[in-house]
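I am attaching a structure below and will ask some questions about it afterwards.
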Amino acid sequence: VQLQASGGGLVQAGGSLRLSCGTSERTFSGMIVGWFRQAPGKEREFVTAISRSGGTTDYVDSVKGRFTIFRDNAKNTAYLQMNSLKPEDTAVYYCATSTVVGYTTRNGRSYESWGPGTLVTVSS
């Protein structure tokens, strides 16, 4: 599955950005979608994931209440709405898809396809 991510950029602390993750694959609706991020000098970390139907979501504690993941299966696209951004949210954000059984997964190894990453920079 080829994924295309977009929407990154430079924003001031407290601002918002919306990331998009799209594909031409018709099987998109049968996949869990996750967002991960990697800050400079740090390991990649799970951010959020959404189930196939969009009915179940999971967030890392540090973004709860600020980030929202949602998807439009008719458009084969998932989104990450990021509000109240903080400098510590600065990272390259990756979207990924998984076909594992279950509603969502935080395990990066369970994701078979990854997008190229989009840089989010939050200035203080």
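Only one of (1) modelled with pLDDT under 95; (2) in contact with a Cys (Cβ under 6 Å, 6 or more places away or on another chain); (3) within 16 Å of Arg109 (Cα to Cα) fails for Trp35. Which number is that?
Result: Trp35 fails condition (1) only.
Now a separate question. Pairs only if they're at least six apart or on different chains, beta carbon under 7 angstrom, first in region 55-84 and of a type in the set (Gly, Ala, Ser), second not in a helix (DSSP H, G or I); list them, first residue then second.
Ala78/Cys21; Ala78/Val33; Ala78/Ile50; Ala78/Ile69; Ala78/Arg71; Ala78/Cys95; Ser84/Gly14; Ser84/Arg66
I'm trying to understand the selection: among the residues of region 63-78, which are assigned to a loop (DSSP other than H, G, I, E, B) and closer than 19 Å to Thr27 by Cα? Show your work before the answer.
So in region 63-78, the residues assigned to a loop (DSSP other than H, G, I, E, B) come out as 64-66, 76.
Once the filter is applied, which keeps residues that are assigned to a loop (DSSP other than H, G, I, E, B) and closer than 19 Å to Thr27 by Cα, region 63-78 yields only Asn76.
Further, regarding this structure: Does Thr57 satisfy being at pLDDT 95 or above, farther than 20 Å from Val100 by Cα and surrounded by 14 or more Cβ atoms within 10 Å (Cβ to Cβ)?
No.
Being modelled with pLDDT of 95 or more and more than 15 Å from the chain's Cα centre (by Cα) is the requirement here; does Lys86 meet it? Even if it seems obvious, please write down each step before you answer.
Details: modelled with pLDDT of 95 or more: yes; more than 15 Å from the chain's Cα centre (by Cα): yes.
When the stated conditions are applied, Lys86 passes them.
Continuing with this model, one more query. Can you tell me which residue in region 60-78 is nearest to Ser123 (Cα to Cα), limited to those that are open to solvent by 40 Å² or more (accessible area, probe 1.4 Å) and of a type outside the set (Asp, Glu)?
Across region 60-78, the extreme among qualifying residues is Ser62.
Go through Tyr94, Tyr103 for me and flag whichever is touching a strand residue (DSSP E or B) at 6+ places or on another chain (Cβ under 7 Å), of a type in the set (Ser, Thr, Tyr) and touching a residue at least 60 places away in the same chain (Cβ under 8 Å).
Going through Tyr94, Tyr103 in turn, the sole match is Tyr94.
Here is a further query. Restricting to region 1-25, and then to whatever is hydroxyl-bearing (Ser, Thr, Tyr) and not in a loop (DSSP other than H, G, I, E, B), can you tell me which residue is surrounded by the fewest Cβ atoms within 10 Å (Cβ to Cβ)?
Only one residue fits best here, namely Ser6.
Which of the residues that make up region 93-122 are closer than 25 Å to Gly14 by Cβ and open to solvent by less than 40 Å² (accessible area, probe 1.4 Å)?
The initial filter retains those residues of region 93-122 that are closer than 25 Å to Gly14 by Cβ, namely 93-95, 117-122.
Of everything in region 93-122, those that are closer than 25 Å to Gly14 by Cβ and open to solvent by less than 40 Å² (accessible area, probe 1.4 Å) turn out to be Tyr93, Cys95, Gly117, Thr118, Val120, Val122.
The values are calculated or read from the model by the stated rules, or taken from the named source; none is laboratory data. Note that the structure is predicted; figures quoted are calculated from it, not measured. As a convention, Cβ positions derive from the backbone with ideal geometry for all residues, glycine included, and neighbour counts pool all protein chains shown. We work out accessible area using only protein heavy atoms, side chains counted, and drop any ligands, DNA or RNA first. Shrake-Rupley method; radii C 1.70, N 1.55, O 1.52, S 1.80 Å.
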